[in-house]
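Data block below; observations after.
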Amino acid sequence: MDDQTDPSKPSVPVSFPVRDLESLASGSYLESFHYPFIKASVPLSTAAAGGLPPRRRLLVCHDMAGGYGDDKWVQGGSNPDAYAIWHWHLMDVFVYFSHNLVTLPPPCWMNAAHTHGVKVLGTFITEWDEGRAVCRKLLSSKDSARMYAERLVEISTSLGFDGWLINMEVELDLMQIPILMEFLSHLTQTMHAAVPGSLIIWYDSVTKYGKLRWQNMLNVKNKPFFDLCDGIFINYTWAEDYPKLSIAFAGDRKFDVYMGIDIFGRNTYGGGKWDTNVALDLLKKVDISTAIFAPGWVYETNQEPDFQTAQNRWWELVEKSWGTMRNYPRSLPFYSDFDQGHGYHFSIEGLRVADAPWNNISRQTIQPALDPPVDSAKPPIQVQRNFSGESYGGGSNLTFTGTLSDGLIFKTRLFLVELPLGDLPLHISYSVRSEGSCILGLLLSLTSNHGGEGFSILVAEGGRSSLPVNLQTQLDQVLSPSPLPRASGWTLREALIERPHHTMTEIHAVCCMKPEGSGGGAASRSFYAELGHLTIRDSRRDLPQASSWPVVCENVSWAAAGADGRRAVSAEISWRLGEGVDFPAMWYNIFARRLADGEDDGDDDGDNDDGEGFLGVTRLERFFVSDLKVPAGAVAVRFIIQVCGPDGACQKLKESPNFDLPVEEG
């Protein structure tokens, strides 16, 4: 936040750090206007909220360009090329890092990580002369240390993230060490009591003797701190034998030791950058955890040919070396429209509602875990994120392009899941745009809950008869989904899956050509198809009626009319479900409609003559409207809150809760 901004006054909500102990002690952050906007709105799943699994883990420490860039805008920004992460299936813990005293993760990172079952930590850091002054106050007494530990717990539990990375990167007096131990012990115990499964990670910096000496391993000089918390982030200038030496000290907690790798390559083992796998290969071999520091290197250094391609290539390198280790989505409904949280336009259920560039990582849905390339050979079909074509939801789709010979298929992994199939049938729906004779289907891999062989189900246009003969014999079941045309050329395809007492483990996309008549041969044909979204649910929950959502409009501010007669209004809109109604909304799309004198509901499609139909999306039950232009002659502004369920289904605008704000005279 700009130091000149008064956080107590209504303004566009932003995330910002706590810069001094006085602010931390007073709890002023929790009293700011921005506080209700900067909370995580996506909790960790029950499975992910517990302790970390007993295996080597991957921690990712953000450290991107100092933090609080495009991601600080809680309701999203206008940079369509903003930094994002989408390879969540490879990691266990995400740390948001900056060089401020108390770094608080912006809600977009909390929401995106939690959607994928990844824990999120903030950072408490003291460094340089200013850090020594902080420590003199922080560690002035055990009471002081406990009080500041409790403030850190209070702020993390209030905002909804999962713990702290503690980096005391300063020289300390020997007499301060027992108080530091008290601080760390009280922080860990209090955090665990408040949030079971939360984490306190210590950074390898100051030693038990008070010296700022990075050990680059777990040893007698830093193990006392390790013993008081949930893990240690080892500094990244370790040598080849240091991981084994660390394991010897860790005992049965070797997976709580995270060997650091600086992706910028600053004296890091293996050199980082495009050789990050050198360090990962060694750590995998000795079976110890790792902490990847500053993966934003790909973005900050403009790696060629572009960020999307370079980011995918770098994380594919990580996956090939380290493997896919973490848990996967386990609960229904399952929904993804492949949106990364940025783009050049915005769509809702196939209908484009905005053409302005945007970014908002909170809008990320579950990201595909695409197969990494197995060799340098180019596959017949390229699978790419498409930001320029039509999207079904958000700002992108998955596009499949290339050539396929008749009778051949192309298969690629989309998702790794653990979705149970009970006694009731599962509903599966997905949206496709394809050309000519191109078929894009979904292959579902199931395993029996009682052992036995797996079971495969292909859901594809035309069913078994439309498939190449060799593919027909490879499948246990083929379903022909019913088609339903939607906006922008999308076709929604739906089917029912019945396989009681099985668990879905993988979802693949399958591409093939419709068989031609006899004599078609094995000629290659051009393939093009787009996948817009995927929903799997066991039942549909009706969206609550508009009357179930009381809507309030507060902090209204009108600007004086300009030369063209238009005025601008800023306001905070909030809503909530009425008593006795329970509905787990995924997000809310916000629209505005200007009402002229005597105008009724009309078509209420969210469009208007002044170009301000769609305002944005939020996962919170509140939204701040900033400087909305209202033309002369309008008597009111109707704010419309379109509620979307966890299966991606959205209310019709005419059936959505709304609030009419009269235009202020003057």
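The values are calculated or read from the model by the stated rules, or taken from the named source; none is laboratory data. This structure is a prediction, so every number in the text was calculated from the model and none was measured. Positions of Cβ are generated from backbone atoms using ideal geometry, with glycine treated the same way; all protein chains shown enter the neighbour counts. Side chains are part of the model used for accessible areas, which takes the heavy atoms of the whole protein and leaves out ligands, DNA and RNA. Shrake-Rupley method; radii C 1.70, N 1.55, O 1.52, S 1.80 Å.
Data overview
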{"read-out": "Positive-end residue of Ser548, Thr503, Thr491, charge dipole of segment 478-590 with Cβ unit charges", "value": "Thr491"}
{"read-out": "Given charges at beta-carbon only (K, R positive; D, E negative), |dipole| of the chain in Debye", "value": "2000 debye"}
{"read-out": "Alpha-carbon Debye profile of segment 334-537, log10 I(q)/I(0) at 0.09, 0.14 Å⁻¹", "value": "-0.35, -0.85"}
{"read-out": "Cβ charges +1 (Lys, Arg) and -1 (Asp, Glu), total dipole of segment 334-537, debye", "value": "260 debye"}
{"read-out": "Between segment 62-115 and segment 256-315, the alpha-carbon center distance in angstrom", "value": "18 Å"}
{"read-out": "DSSP-defined antiparallel bridges as percent of all bridges, the chain, nearest 5", "value": "75 percent"}
{"read-out": "Accessible area of the chain belonging to carbon and sulfur atoms, whole % at 1.4 Å probe", "value": "49 percent"}
{"read-out": "Shape of segment 437-586, Cα gyration tensor, a/c cut at 1.5", "value": "oblate"}
{"read-out": "Solvent-accessible surface ranking, highest first, for Leu228, Leu351 at 1.4 angstrom", "value": "Leu351, Leu228"}
{"read-out": "Prolate/oblate/rounded label for segment 213-294 (Cα gyration tensor, a/c 1.5)", "value": "prolate"}
{"read-out": "Greater than 21 Å apart at Cα, pairs in Lys411/Lys514; Lys244/Lys273; Lys284/Lys320; Lys137/Lys211; Lys119/Lys273", "value": "Lys244/Lys273; Lys119/Lys273"}
{"read-out": "Contour excess over end-to-end distance, with Cα ends at Ser321 and Ser547 and 0.36 nm allotted per residue", "value": "76.0 nm"}
{"read-out": "Probe 1.4 Å - accessible area at His533, Å² to nearest ten", "value": "10 Å²"}
{"read-out": "Cysteines having no other Cys beta carbon under 4.7 Å from their own, within the chain", "value": "Cys61, Cys108, Cys135, Cys229, Cys438, Cys511, Cys512, Cys553"}
{"read-out": "All-pairs alpha carbon distance profile, segment 200-358, 5 Å steps from 0, percent", "value": "2, 8, 15, 16, 14, 13, 11, 8, 6, 4, 3, 1, 0"}
{"read-out": "Prolate/oblate/rounded label for segment 160-207 (Cα gyration tensor, a/c 1.5)", "value": "oblate"}
{"read-out": "Computed [θ] at 222 nm, deg cm²/dmol, the chain (DSSP H ≥ 4; -39,500 (n - 2.57); rounded to nearest 500)", "value": "-5000 deg cm²/dmol"}
{"read-out": "Protein-only accessible surface order, largest first, of Glu319, Glu304 at 1.4 Å", "value": "Glu304, Glu319"}
{"read-out": "Separation in nanometres of the label points that stand 7 Å from Cα toward Cβ, at Ala65 and Ala194", "value": "3.1 nm"}
{"read-out": "Ratio of the Cα radius of gyration of segment 379-491 to 2.2 N^0.38 Å, where N counts its residues", "value": "1.16"}
{"read-out": "Kirkwood-type radius of the chain, with distances r between different C-alpha atoms, in Å", "value": "26.9 Å"}
{"read-out": "D_trans [Stokes-Einstein, Kirkwood Rh over alpha-carbon pairs] for segment 7-60, 4 °C, 1.567 mPa s, µm² s⁻¹", "value": "91 µm²/s"}
{"read-out": "Hits among lysines - C-alpha to C-alpha of Lys652 under 29 Å, sequence gap 8 or more where chains match", "value": "Lys39, Lys629"}
{"read-out": "Top positive-direction residue, dipole computed over the chain with Cβ charges, set Ser289, Leu58, Gly197", "value": "Ser289"}
{"read-out": "Longest to shortest principal axis, alpha-carbon extents of segment 546-662, angstrom", "value": "47, 29, 22"}
{"read-out": "Value of Rg/Rh across segment 36-94 [Cα atoms, Kirkwood radius]", "value": "1.01"}
{"read-out": "Probe 1.4 Å, protein heavy atoms only - accessible area per residue of the chain in square angstrom", "value": "40 Å²"}
